[in-house]
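Heads up, the thing below is written out as structure tokens.
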Amino acid sequence: MRNMKTYIRYLLISLPAICGLFSSCTDDMQSGISAEGKGKVTLTYSISGITPSRAEAGVNDDYWNENQINRLDLFIFPAGGGNVIHQESTPDVTDGQDGSVHTWVFAMNDLSPENIAEGDQIYLIANCPSVASVTTLQGLQEAYVQSLTCNAKQTSFLMDGKGTLTRSGNDATIQVELKRALAKIRLTVTNTYNNEASYEYQFVNYAPNSAVLEEGETAFLVSNNAILQSTTSSAEDEMIPVDGAQNIYDGKLILYSYANNWYEPHPMGENDDINDNMVQVGDDQDNLYTEAPIDPDKQTYILLKAPFNGKDWYYKVPVNYQLPEDNDAITPDESYKDLYRLQRNYIYDIAVTIDREGGSRIDPGTLVNLTYSIMPWDGEEITVDYTDNLSYTSAGWTPESILEIMEDGLTVHVNPDENAELKFTINTPSGATWRAQLIGEDVNYFEFVGENSGTAYSNGQPVEQTLQIRCTDPESEDTHSVTLRVFADIGGKTYELDLTDPNPSMTPGQTDEINRFTILQSR
């Protein structure tokens, strides 16, 4: 009995210490750091093509939700098999056009570095609630969306990206660049007969459905889920008037479509070429010397109805280039097949001039005066034309603030322990403003110190601007680099500055290829 009382007394004395230890362990777990000092997982993501450009032919049309993200789904498929890791978030990203890299930090009990192994396949999907039930990689690869309204402002855009994993100490970082699944078509029409003439259109063979993943697109396009639609019925001779249409931006007709492929190689055998000669098609070769290799039932195009010489005519406007039928002098490579496709995350700018009579709806005419500008939705070069009287001078990098400028004259080897300092002056015009941006996969390893935007003048005089950049992880033994871009905004237009040539002043009327500095951290 005495031994039992002694045991109970010992237990009561020890109980507070035991409770305190338990409480301490619980607090550590709730803070996101385990008792063993394990790190955290951070996901950084950006949207393809987000630049601070506001040039006339800018990549993104303001207020069209092309950068809106209201839902994210992260999938991690273990390389060795096992259960998928799936995390959801509703970030409400609406400020994509400022070029930001967005961050999603996970609590330890949601996702820890030890949950992710080298070789795991990582995917990030934006704005696609239907993938919430996906549990396998095959299921994600086969997932698709449907029912696009092609000629209306979208509430959001399906985006996808594949993640890359890096580790620093106990922490893990997943980096993803999201790309839109849609292609955007912008059409400008000029009528030499009547500049004020209105026109009507039909968007023919656009794709309302799409694979969620870009890597699942090839298989999807040959599946039964890949269908094509048109905005109006050809049988009823319907067309859509442009006057009052809601899908007009900056005078351009805006249309969207998911990916489509109307390339079709000619069958083996003999075909008439353009000169009525017989051409034998060899094994595994496309006959490029006859008509274009197109499946007309799949080709995406815009049918225009416009007046010319007092009568309404129809014109067929392909949304992409096509090789001329008389192409004997052309030696195309494999990439020529892209001329017969609509690709996801691409912009197709088309400008046509109605300068001749067309045809009927069944047999529309062909326009000769039309131009195409086709580019990935990943950004575009900003042409510096100095029409707004822009001039500026670069003083270059402060020598004491960097280690060296490499032999190419563009790579700046920075000191991880110092702020790298670049100075420049915008001489004219007085109303100019400027802003700087860092871009690249390693953007989270660098940051601006102080201001990265400002006004060119103060008290009626041009001011020398100082731009400072520092490394966020000075102790890193790895090599990191980003590209520095600096822009001037003048009268609603944006111009990129070339600051790589110190001292000489850039003056109105000059045009030069834009060179950019690469900021390098390397031990």
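Throughout, read-outs are computed from the coordinates displayed, never taken from laboratory work. Since we're looking at a predicted model, the values are computed, not measured. Positions of Cβ are backbone-derived with ideal geometry, glycine not excepted, and every protein chain shown enters the neighbour counts.
Might you report the magnitude of the Cβ-based charge dipole of segment 400-495 about its Cα centre, with Lys and Arg at +1 and Asp and Glu at -1, to the nearest 20 debye?
860
To the nearest 20 Debye, how big is the dipole of segment 178-264 about its Cα centre, given +1 on the beta carbon of each Lys and Arg and -1 on that of each Asp and Glu?
Rounded to the nearest 20 debye, it is 380 debye.
Pairs to check: 252/305; 184/311; 179/337; 184/298; 252/316; 184/305. Give those whose C-alpha atoms are more than 24 Å from each other in this structure.
Checking Cα-Cα distances, 184/311 exceed 24 Å.
Give the lysines whose C-alpha is closer than 27 Å to that of residue 423, dropping any in the same chain fewer than 8 places away, or say none.
493
Report the calculated FRET efficiency for residue 138 and residue 229 (r = Cβ-Cβ distance, R0 = 22 Å), to the nearest 0.05.
0.20
Given the peptides 345-355, 139-149, arrange them by the average over their residues of other C-beta atoms within 10 Å, most packed first.
Ranking the peptides 345-355, 139-149 by packing returns 345-355, 139-149.
Mark the label point 7 Å from the Cα of residue 264 along Cα→Cβ and return the residues of segment 181-210 whose backbone N is within less than 18 Å of it.
Zone members listed by number: 204-207.
For segment 391-521, rounded, prolate or oblate, judged on the Cα gyration tensor with a ≥ b ≥ c (square roots of eigenvalues), a/c < 1.5 rounded, else prolate if a/b > b/c?
The shape class here is prolate.
So how much slack lies between residue 121 and residue 249, counting 0.36 nm per residue of separation and subtracting their Cα-Cα distance, in nm?
42.2 nm
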